[in-house]
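Trainee: Provided herewith is a single structure, encoded as structure tokens, for subsequent inquiry.
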Protein chains: 2
Amino acid sequence: MTNLFANLPQSLPEEVFQEILHGDGFRLERIISFGQATPAGQWYDQEQHEWVVLLSGAASLRFEGEEDLHVLHAGDFVNIPAHTRHRVEWTDEKLPSVWLALHYSKLEMPAR
Amino acid sequence: MTNLFANLPQSLPEEVFQEILHGDGFRLERIISFGQATPAGQWYDQEQHEWVVLLSGAASLRFEGEEDLHVLHAGDFVNIPAHTRHRVEWTDEKLPSVWLALHYSKLEMPAR
């Protein structure tokens, strides 16, 4: 892969997670969703921080304890501190949603 | 900033470099170019590795010793090892070129 929008499927039975780069204390991956959501009642609870940007499609995130969904469109990014429980409520059903996620261990400055 | 395509200018006298996130051993930044190129005869020669993706616009990179330009369109990415001398030959003059650059110190696996 040399393009984040290359080889996008027309439909997808499950989300796809593809590592792009793996360094000391971080991991960069492309995620492709196509209508998937986190299964009901399940939450992500991650050991590492995650900075993630949605590059195409649309999606919404829910953070535990927050009433409102966090709706993402192309270019929107969010920084998710480790152990911040969250789930994907929905992703675009008509177009692939391409995410670029940077998982990392240590934050030196607060995300802006 | 919470969107990589937010606050893009209609023109730009100089390239803009904006830090998004700064962790242990890496730095993530947004770069906006609008027709700029690396000044004639100059090369980037960086202490850190750089993974960079072009998200909008168009640009071309030249790597020292290589005959052909490396033309980038939206979604194209390239991994530039530390001290790999390179320069930006041109960027789109009609639209802003938005880059997302991950500067990092240590690579655990070869970039794919």
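The values are calculated or read from the model by the stated rules, or taken from the named source; none is laboratory data. Here the structure is a predicted model, which is why all the values come from computation and not from measurement. When we count neighbours, we look across all protein chains shown, and the Cβ atoms used for this are built from the backbone with ideal geometry, even at glycine.
Trainee: If a residue must be in contact with a strand residue (DSSP E or B) (Cβ under 6 Å, 6 or more places away or on another chain) and more than 10 Å from chain B (Cβ to nearest Cβ), how many such residues does the range A:8-29 contain?
Mentor: 4
Trainee: For residues in the range A:54-80 being within 12 Å of chain B (Cβ to nearest Cβ) and not in a strand (DSSP E or B), which is surrounded by the fewest Cβ atoms within 10 Å (Cβ to Cβ)?
Mentor: A:His73
Trainee: On the given criteria, is A:Glu50 free of Cβ contacts under 8 Å to residues at least 24 places away in the same chain, within 14 Å of chain B (Cβ to nearest Cβ), of a type in the set (D, E, K, R) and touching a strand residue (DSSP E or B) at 6+ places or on another chain (Cβ under 6 Å)? Full working, then the answer.
Mentor: Values: free of Cβ contacts under 8 Å to residues at least 24 places away in the same chain: no; within 14 Å of chain B (Cβ to nearest Cβ): yes; of a type in the set (D, E, K, R): yes; touching a strand residue (DSSP E or B) at 6+ places or on another chain (Cβ under 6 Å): yes.
Here the answer is no, as A:Glu50 does not meet what is asked.
One line per residue, one yes/no per condition, for (1) farther than 17 Å from A:Leu4 by Cβ; (2) aliphatic (A, V, I, L, M):
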site: B:Leu12; (1), (2): yes, yes
site: B:Asp24; (1), (2): yes, no
site: B:Leu55; (1), (2): no, yes
site: B:Leu72; (1), (2): no, yes
site: B:Asp76; (1), (2): no, no
site: B:Ile80; (1), (2): no, yes
site: B:Arg87; (1), (2): yes, no
site: B:Leu95; (1), (2): yes, yes
site: B:Leu100; (1), (2): no, yes
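Trainee: As an exercise: evaluate A:Gln48 against (1) more than 17 Å from B:Leu28 (Cβ to Cβ); (2) at pLDDT 95 or above; (3) polar (S, T, N, Q) and give the number of the one condition it does not meet.
Mentor: Among (1) more than 17 Å from B:Leu28 (Cβ to Cβ); (2) at pLDDT 95 or above; (3) polar (S, T, N, Q), A:Gln48 violates only (1).
Trainee: Here is a list: B:Leu100, B:Leu107, B:Leu61. Which entry is out of contact with any Pro (no Cβ under 6 Å at 6 or more places or on another chain) and in contact (Cβ under 8 Å) with a residue 60 or more places away in the chain? Lay out the reasoning, then the answer.
Mentor: Numbers: B:Leu107 fails: in contact (Cβ under 8 Å) with a residue 60 or more places away in the chain; B:Leu61 fails: in contact (Cβ under 8 Å) with a residue 60 or more places away in the chain.
The match here is B:Leu100.
Trainee: If I ask for residues that are without any contact (Cβ under 8 Å) to a residue 40 or more places away in the chain and in contact with a Gly (Cβ under 9 Å, 6 or more places away or on another chain), which ones from the range B:3-47 would you list?
Mentor: B:Asn3, B:Ala6, B:Ser11, B:Gly23, B:Asp24, listed by residue number.
Trainee: Which condition number does A:Phe5 fail, the rest of (1) facing chain B (nearest Cβ under 10 Å); (2) part of a strand (DSSP E or B) being met?
Mentor: Unmet condition: (2).
Trainee: Right, another one. Yes or no: the range B:58-67 includes at least one residue that is among the aliphatic types (A, V, I, L, M), closer than 16 Å to B:Arg30 by Cα and in contact with a Gly (Cβ under 8 Å, 6 or more places away or on another chain).
Mentor: From the range B:58-67, those among the aliphatic types (A, V, I, L, M) are B:58-59, B:61; that's our starting set.
If we keep only those that are closer than 16 Å to B:Arg30 by Cα as well, we get B:58-59.
Narrowing further to those that are in contact with a Gly (Cβ under 8 Å, 6 or more places away or on another chain): none.
No, the range B:58-67 has no match at all.
Trainee: May I pose another question? Got a number for residues in the range A:88-100 being buried (at least 19 other Cβ atoms within 10 Å of the Cβ) and assigned to a strand (DSSP E or B)?
Mentor: 6
Trainee: Mind listing just one residue for me: the one in the range A:13-51 that is more than 16 Å from the chain's Cα centre (by Cα) and part of a loop (DSSP other than H, G, I, E, B) and, of those, surrounded by the most Cβ atoms within 10 Å (Cβ to Cβ)?
Mentor: Across the range A:13-51, the extreme among qualifying residues is A:Gly25.
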